[in-house]
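Participant: Before I ask anything, let me first share the structure, which is written out below as structure tokens.
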Amino acid sequence: MAILTHDRHSWADPLRDSRIFIVRSTRHSLRSIDAMVTSIALPVVILLLFVYVFGGALSPSGGYVDYVVPGIVLLCAGFGSSTTAIKVNEDMTNGVIDRFRSMPITGTAVLTGHVVASVVRNLASTVVVLGVAFLVGFRPHGDVLAWLAAAGVLTLYMAAISWLAASFGLVARSAEGAGAFSFFIMFLPYLSSAFVPTDTMPVVLRGVADHQPVTPIIETLRSLMMGTPVGNDWIVALAWCLGGILLGWAGAAALFSRRTAR
């Protein structure tokens with residue numbers, strides 16, 4: 001774990017430091033009204049677009065909203081992750097990290113604050129998007145336990161992309177470059193089962209869609225929300241999420257240590 005200074009007195013200090021930076025990042029999120037509105041408004045607009053413009057053609061018998069909502073939820077998390085990459089990059093380039101270096105704090109607590117705030121922000125946006133989905137006809141059949149499981153999978157996915165976004169924010173040379181991370185994350189759901197079944201795609205695209213991270217996560221969420229059998233999708237989904245968290249955390253910690261080393 002990267003340490004900005006080495007004056008450590010207790011194992012609980014990293015927990016204290018993380019809590020401080022979580023509060024800091026959450027306050028910054030609340031002050032960034034434009035980013036909050038964008039992360040909520042864009043998924044809502046896409047939801048309404050697919051339900052009312054494309055839904056009739058994609059599912060003439062109706063009920064397309066029940067199919068598309070899990071994909072929109074993941075899109076919502078993708079929009080929020082770009083803010084994490086940008087905020088981490090800004091901390092690294094505007095001199096604030098140099099001020100933190102003079103304090104007896106755990107270095108990676110800065111990153112933990114950004115990631116936890118990102119997860120909280122994405123969960124709040126998801127609640128709003130789900131509220132709109134219910135208004136436009138979303139009618140899930142999953143029970144309470146299934147919805148709790150779906151919330152757990154979704155939280156793990158948000159944590160994974162937030163840690164990966166933090167790593168990208170450390171690599172990027174500018175806030176604009178860091179924001180480009182969101183393009184890749186937002187593109188994945190389009191090449192998955194988010195909007196149409198993968199068996200409707202050409203063979204090559206179907207092979208890509210079936211074996212990329214987002215498809216098993218979406219299928220797990222869809223099955224849990226709608227009360228249908230999950231099968232083995234949840235195992236693959238958890239593996240992708242936990243792998244993303246581990247890769248993102250390890251990469252962010254290593255990059256942060258390298259950039260703050262004297």
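The values are calculated or read from the model by the stated rules, or taken from the named source; none is laboratory data. These numbers come from a predicted model, not from an experiment. Note that we place each Cβ from the backbone using ideal geometry, even for glycine, and neighbour counts take in every protein chain shown.
Participant: If you take the residues in segment 42-89 that are assigned to a helix (DSSP H, G or I) and hydroxyl-bearing (Ser, Thr, Tyr), which one is farthest from Val136 (Cα to Cα)? Even if it seems obvious, please write down each step before you answer.
Facilitator: So in segment 42-89, the residues assigned to a helix (DSSP H, G or I) come out as 42-58, 64-89.
The next check asks that each one be hydroxyl-bearing (Ser, Thr, Tyr); those that pass are 52, 64, 67, 81-84.
On the way: Tyr52: 9, Tyr64: 11, Tyr67: 13, Ser81: 26, Ser82: 27, Thr83: 28, Thr84: 30 Å.
For segment 42-89, the residue satisfying everything is Thr84.
Participant: Can you run down the residue pairs with Cβ atoms below 7 Å, 6 or more apart or on separate chains, where the first is in segment 204-232 and in contact (Cβ under 8 Å) with a residue 12 or more places away in the chain and the partner is assigned to a loop (DSSP other than H, G, I, E, B) and among the acidic types (Asp, Glu)?
Facilitator: If the second residue must be assigned to a loop (DSSP other than H, G, I, E, B) and among the acidic types (Asp, Glu), the pairs left are Gly227/Asp143.
Participant: Does Ser162 satisfy the criteria of being in contact with a Ser or Thr (Cβ under 7 Å, 6 or more places away or on another chain) and either charged (D, E, K, R) or within 26 Å of Thr260 (Cβ to Cβ) (or both)? Before the answer, list the steps.
Facilitator: Values: in contact with a Ser or Thr (Cβ under 7 Å, 6 or more places away or on another chain): yes; either charged (D, E, K, R) or within 26 Å of Thr260 (Cβ to Cβ) (or both): yes.
The answer is yes for Ser162.
Participant: Please verify whether segment 193-202 includes one or more residues that are within 16 Å of the chain's Cα centre (by Cα) and either among the hydrophobic types (A, V, I, L, M, F, W, C) or surrounded by 12 or more Cβ atoms within 10 Å (Cβ to Cβ) (or both).
Facilitator: Initial filter on segment 193-202 (within 16 Å of the chain's Cα centre (by Cα)): 194.
Going one step further and asking which of them are either among the hydrophobic types (A, V, I, L, M, F, W, C) or surrounded by 12 or more Cβ atoms within 10 Å (Cβ to Cβ) (or both), we end up with 194.
The answer is yes; a qualifying residue exists.
Participant: Tell me, yes or no, whether segment 213-229 has at least one residue that is in a loop (DSSP other than H, G, I, E, B), surrounded by fewer than 17 Cβ atoms within 10 Å (Cβ to Cβ) and touching a Ser or Thr at 6+ places or on another chain (Cβ under 7 Å). Can you show your working first?
Facilitator: Of all residues in segment 213-229, those in a loop (DSSP other than H, G, I, E, B) come to 213, 227-229.
Cutting the leftovers down to surrounded by fewer than 17 Cβ atoms within 10 Å (Cβ to Cβ) gives us 227-229.
Retained after the next criterion (residues that are touching a Ser or Thr at 6+ places or on another chain (Cβ under 7 Å)): 229.
Yes, because at least one residue in segment 213-229 is in a loop (DSSP other than H, G, I, E, B), surrounded by fewer than 17 Cβ atoms within 10 Å (Cβ to Cβ) and touching a Ser or Thr at 6+ places or on another chain (Cβ under 7 Å).
Participant: Also, I was wondering about something else. For segment 179-196, how many residues meet the condition of being assigned to a helix (DSSP H, G or I) and at pLDDT 80 or above? Spell out how you get there, then give the answer.
Facilitator: As a first pass, look at segment 179-196 and keep what is assigned to a helix (DSSP H, G or I): 179, 181-191.
Retained after the next criterion (residues that are at pLDDT 80 or above): 187-191.
Selection size over segment 179-196: 5.
Participant: I'd like the full set of residues that are surrounded by fewer than 16 Cβ atoms within 10 Å (Cβ to Cβ) and in a helix (DSSP H, G or I), limited to segment 129-158.
Facilitator: Going residue by residue through segment 129-158, those that are surrounded by fewer than 16 Cβ atoms within 10 Å (Cβ to Cβ) are 131, 134-137, 139, 141, 143-145, 147-148, 151-152.
Scanning segment 129-158 gives Gly131, Phe134, Leu135, Val144, Leu145, Trp147, Leu148, Ala151, Gly152.
Participant: Restricting to segment 236-262, name every residue that is of a type in the set (A, V, I, L, M) and either assigned to a loop (DSSP other than H, G, I, E, B) or within 19 Å of the chain's Cα centre (by Cα) (or both). So that I can check it myself, show each step before the final result.
Facilitator: Start the filter on segment 236-262 by keeping residues that are of a type in the set (A, V, I, L, M), which leaves 236-239, 242, 245-247, 250, 252-255, 261.
Passing the criteria: Val236, Ala237, Leu238, Ala239, Leu242, Ile245, Leu246, Leu247, Ala250, Ala252, Ala253, Ala261.
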